[in-house]
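The values are calculated or read from the model by the stated rules, or taken from the named source; none is laboratory data. The model shown is predicted, which means the values in this text are computed figures rather than measured ones. Please note: Cβ atoms are built from the backbone with ideal geometry, for glycine as well, and neighbour counts cover all protein chains shown. These accessible areas exclude ligands, DNA and RNA; they are computed on the full protein's heavy atoms, side chains included. Shrake-Rupley method; radii C 1.70, N 1.55, O 1.52, S 1.80 Å.
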Amino acid sequence: MKQEVIVRFPPSPTGYLHIGGARTAIFNWLFAQKTGGKLILRIEDTDAERSSEESIQGIIESLKWLGITWDEGPYFQSQFISDHLAAAQKLLESGHAYKCFCTKEELDRKRDQARQRKTALQYDGTCRHLSPEEVAEKEAAGMPYTIRLKVPRGEGFVSFEDIVYGIIEKKYEDIEDFVMVRSNGQPLYVLSNAVDDIRDRVTHVIRGQDGLANTPKQILIYKALGAPVPRFAHMSLTLDPKKAKISKRTHGERVAVHFYKERGFLPWAFVNYLALLGWSTPDSREIFSKDELIEAFSLEGISRANAIFDVRKNDPKFFTDPKAISINTHYLRTLPVEEIEPYVRKQLEKTQIWDPEFEAIKRDWFLRTIDLIRTRYHVTTDFGTLGRAYFSDDYPIEPKALKKNVLKHEGLKVWFPILADRLQGMDTFSVEEAEKVIREMADELGIKAGILINAIRTAVTGQPKGPGLFDVLITVGQRRVVERLRKAVTFFKLH
RNA sequence: GUCCCCAUCGUCUAGUCUGGCCCAGGACACCGGCCUUUCACGCCGGCAGCACCGGUUCAAAUCCGGUUGGGGACGCCA
C-alpha cells in the first residue's frame, strides 16, 4: 500500500501572514489535496520573545480567508519541547552529539577573527574531543553547555534529491558541528523542526528555498535518530522588484495577505495569482478553478528561479502587481453574480450604504446592478466607491466629470429641468423609450446627444464613465433619476 | 570569506531533462486600431526576450566549460 502523504505548514507567529508564507501554505495545501494526503498546521512558537497570540490569530484568519483547509492542528511547537530535548539526549547517548562548553563570547571572537582572515566561519570543534573526564569536570563546575551534532568527518557528503532542485550534495567538511540545544536548555529550530516532522510523520517537506541550506543538517539529524528521511521540495523565493527578499519589515502591509482582503481581492483570485508565482503548467494556463488547480498541480511544475512580486509603491494606476489585479478583475467579471454578491454586500456595509432590501425584495435588482457595473471594476471595494450612486442617494460628484460634462455647458441649467420633466412624464420607463426621449431632445436643441448623455451620467452617477447611459437610467430608476436631475441645477449655483 | 542555488520579453512564464517542428509561444503591462454617448468589455494589430564568451554538433534557448549578474545560507532566530 502506498504511504499516505503528510505535509505541514509551520509558520512562526511573529507577525501577519505575508505572501511568501501564503505561497508556501498554498503549495502544501495543493499537494495534500492533489494526493489525498493530510496538511498539518503547526505553529512554531518557540521564540517566546517574538511570538504573539495576535499573530497566531491573524495567520489563521488569513489562511481561512484564502480558503486553505488543514486536517490536523493547529499544533504548537512549544508544547513539544520535551520531545526535542529527549531527542537531543538520545543523540548524546548514542554518541551522535556532544556537549560544548564554549561561551558565546569565545565563539563570537573566533567568528570575527575568521571574518578578518577571510576564512570559513565554521565552529572549530574545540569541545568535540573533550574526554569524558573533562566533560564531567566542567559539568561539575556548573559550566553551561550547548549540545552540538557530531557531524561525520572525512571524505563523505550528505546527499538528497530535492523534487524541485534535483540532487543536492553537501560535503561533510562544509557542515559545522551545529548547535541543537542552547546553553539555557532550549532546543533550536533545526532540531525542533526535524523532531516535530518525525513525530508528525511528515512525508514531504515543501518550503522556501532559504531552507535548502539547512536541509543537509536536518537529514543528519534524521539519520542519527534512525528516522526515515522525508522528501524535500524547495520552492523558489519571492523577491521584490529590486530583487530583495520580500519582508514585512521593508514592505509593510502591502505584502500582507490581509491587505489584499481589505483592498477588495476575491480570495480565490489571490490564491490563483500566488499559485502562478513560481509555478506553471506546460500550457502556461492562467485561470484555474479550485478543482482545476488541484488537478493540475504538481511539485515538478515549481520553477527554480526566483520570481518577482511586482509590488508598486506610489503607482497611481496599480496599487499592487498588475497581474494580480488582472486576475482578480477576471474573476470579478466572469464569476456567477451570486458568488460575488456577498463581497459586494460587505463593501456596502463597510461604506454604510447597505440596505437589507437588497437581499430581500430588491435582490433581483441588486444582482442585475452588480452585473451591469462590474465589467469596469477591478476590486470589490469599487462597488462601495465608484458604484456608490447605484446603491445610495448620497454620492459624491467627481469634480473632473462635473467640470467637463456639466459646467462646460451653461445650457444644462435649463435643460436639466426639462429633461427631468420629460423623463418623469414617461409611462413606460424602458431603455428604448428613455433613449428616444433624450435623443429627440438633443435634436430639438440642435446639439449632439453625447452632451446630454454625458451630463446626465455625471449627474446621476457622479462618474465620468460607466455603463451605457440608458441602462444606467433604468437601473437607477425613474423616480431617482428625475430627483437627481432636478437637483443637478444646483451644481451651477455652487460654482 | 566559505558553501549552495539560479539566469528566456518590463513582470509571470512555455520551451531546457529527451538538441532540429523555436529567426522562441502565451499572459499581464504598454502602444495603435475597430466598436462606441463615456469608460470598460470584446476583437484586430504592434512593441519587447534566450546575460556574455568559448566549445561540442550538419544543427544549441536547449549539451559542456568559463565569465558576469542575481539570490540564499553560513546565529546559543524561526
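A few comments on the model shown:
- Calculated mean residue ellipticity at 222 nm for chain A: -13500 deg cm²/dmol, from DSSP H runs with n ≥ 4 weighted as -39500 (n - 2.57), summed, divided by the residue count and rounded to 500.
- Over chain A, accessible surface divided per residue gives 50 Å², non-protein components excluded, 1.4 Å probe.
- Label-point separation, residue A:326 to residue A:245 (7 Å along Cα→Cβ), nm: 3.0
- Between amide H atoms placed 1.01 Å from N, distances below 5 Å from residue A:208 occur with A:235, all of them 5 or more places distant or on a separate chain.
- Difference of contour (0.36 nm per residue) and Cα-Cα distance, residue A:159 to residue A:413: 83.2 nm
- Annotation for the stretch A:92-188: GluC sites (Glu not before Pro) lying in DSSP loop with at most 12 further Cβ atoms inside 10 Å of their Cβ are A:155.
- Of A:242/A:290; A:261/A:323; A:104/A:248; A:64/A:248; A:90/A:118, pairs whose Cα-Cα distance is over 26 Å: A:242/A:290; A:104/A:248; A:90/A:118
- The stretch A:85-181, dipole about Cα centre (Lys/Arg Cβ +1, Asp/Glu Cβ -1), debye to the nearest 20: 260
- With a simple spin-label model that places each label point 7 Å from the Cα along the Cα-to-Cβ direction, the separation between residue A:222 and residue A:360 comes to 6.0 nm.
- Once the chain from residue A:403 to residue A:143 is taken as fully extended at 0.36 nm per residue, the excess over their C-alpha distance is 85.6 nm.
- For the stretch A:197-244, the set of trypsin sites (Lys or Arg not before Pro) satisfying both a DSSP loop assignment and a count of at most 10 other C-beta atoms within 10 Å is given as A:242, A:243.
- Centroid-to-centroid separation of the stretch A:15-94 and the stretch A:455-475 [C-alpha atoms, Å]: 51
- Residue A:378 accessible area, assembled protein chains, probe 1.4 Å, Å²: 80
- Table column - 3J(HN,Hα) (Hz), the stretch A:143-157, Karplus curve with 6.51, -1.76, 1.60, x for Gly and Pro: 6, x, 9, 9, 10, 10, 7, 8, 6, x, 10, x, 6, x, 8
- Other-chain or far-sequence residues with amide H under 5 Å of residue A:385's (modelled H): none
- Inter-label distance for residue A:480 and residue A:3, nm, one decimal - labels placed 7 Å from Cα along Cα-to-Cβ: 6.2
- Between residue A:52 and residue A:304, residue separation times 0.36 nm minus the direct Cα-Cα distance comes to 87.4 nm.
- Converting phi to 3J(HN,Hα) with the Karplus coefficients 6.51, -1.76 and 1.60 and the offset θ = phi - 60°, the stretch A:456-473 yields 5, 4, 5, 5, 7, 10, x, 10, x, 9, x, x, x, 4, 5, 5, 4, 4 Hz in sequence order, with x at every glycine or proline.
- For the stretch A:288-366, GluC sites (Glu not before Pro) are listed when DSSP marks them as loop and at most 15 other Cβ atoms sit within 10 Å of their Cβ; the list is empty.
- Net charge dipole, chain A: roughly 1540 debye, given to the nearest 20, about the Cα centre with Cβ charges of +1 for Lys and Arg and -1 for Asp and Glu.
- Rounded to 0.05, the FRET efficiency of the residue A:291 and residue A:76 pair, given R0 = 30 Å and the Cβ-Cβ distance, is 0.40.
- Unit charges at the beta carbon, dipole of the stretch A:1-144: most positive-side option, A:67, A:46, A:119: A:119
- Only Cα pairs under 8 Å and 6+ residues apart enter the sum, and on that basis the relative contact order of chain A stands at 12 percent.
- Calculated from backbone phi, Karplus (6.51, -1.76, 1.60) coupling profile of the stretch A:228-239 in Hz, x at Gly/Pro: x, 7, x, 7, 10, 9, 9, 9, 4, 8, 9, 10
- Overall, the accessible surface of chain A at a probe of 1.4 angstrom is composed of carbon and sulfur to the extent of 51 percent.
- Built amide H within the under 5 Å cut-off of residue A:231, gap 5+: A:204, A:205
- DSSP bridge pairs, chain A: antiparallel proportion in percent, nearest 5: 50
- Bridges between two residues of the stretch A:193-335, per DSSP, are antiparallel at a rate of about 20%.
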